[in-house]
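Read through the structure below, which is laid out as structure tokens, and then see the notes.
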Amino acid sequence: MSEKSLQVFVSYLDEPPEFDANETQLEKNFKRGYFESSKLDIIDTLGKDDFKNVWFTLKNDIQNESIKLQAIFSEQTLDKIFELYDFSFSANIGLENQYEINNFYLFLEFLEYDNTNFISQVWRFLGPKNLLQIDIKKFCDSNQEKIIKEIDEQLEVHPQPKLIALFLRTYYKDKMIEWFIKNSKRTKVEITVSILEREE
């Protein structure tokens, strides 16, 4: 819990109790404060290396809440994604039930870290077998069209959940390349192992 989220949490505990406040009300304040602080910690780590650990630690605090509160979290996360990645869905994706919200969680995980398998599939057809031996950024900058084409082809061969597919198909080309480079660098060892294993 960061200092900022701790302040949010404590603010809910410090709310003046109603005249007839009982243990149930105090428990509600505690739960809401914990939700708000967890939400803040998750959103604040978007785009950072520790997002995966923070998400795994705190996601149950979000997922155990009502649909309404989960939708609020999702909408605020989408705002942060736009701020960080300059990406937004062109249409309302729907966050009105648990199924739709769970689809958003899948997209969030793919965007931030759960993309190694897909990216490995793309690299298999780009040429280099060992990402540890190349300048990933230089190669990707020189092969943008090939990468975008291969992403589209892999989407056909390995269909992705709706929101992930929308992201991969509609993200600005230059931003997509930046995202691809960042995640390729982050998991270059895993990608190389995956490619070499398939070559055996």
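Here, each number is a calculation from the coordinates, and none is a lab measurement. The structure presented is a predicted model; accordingly, all values stated were derived computationally and were not measured. A quick note on method: Cβ atoms are made from the backbone with ideal geometry, for glycine too, and the neighbour counts reach across all protein chains shown.
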If the only charges are +1 at each Lys and Arg Cβ and -1 at each Asp and Glu Cβ, what is the size of the charge dipole of the range 115-200 around the Cα centre, to the nearest 20 debye? 280 debye
Please compute the Cα-Cα pair-distance distribution of the range 115-200 with 5 Å bins starting at 0, giving whole percents from short to long. 3, 15, 29, 27, 18, 7, 1, 0
Scoring only Lys, Arg, Asp and Glu (+1, +1, -1, -1) among other residues with Cβ under 10 Å from the Cβ of Leu108 yields -2
How do the peptides 142-154, 109-121 rank, highest first, by the average count of neighbouring beta carbon atoms within 10 Å per residue? 109-121, 142-154
Treat the count of other C-beta atoms within 10 Å as a stand-in for reagent exposure and order Phe73, Phe89 from fewest to most. Phe89, Phe73
Find how much the distance from Asp49 to Gln98 grows on full extension, using 0.36 nm per residue of separation minus their present alpha carbon separation; answer in nm with one decimal. 14.9 nm
For the table Lys80/Lys188; Lys39/Lys146; Lys52/Lys173; Lys52/Lys137, the rows whose alpha-carbon distance is greater than 29 Å are Lys39/Lys146
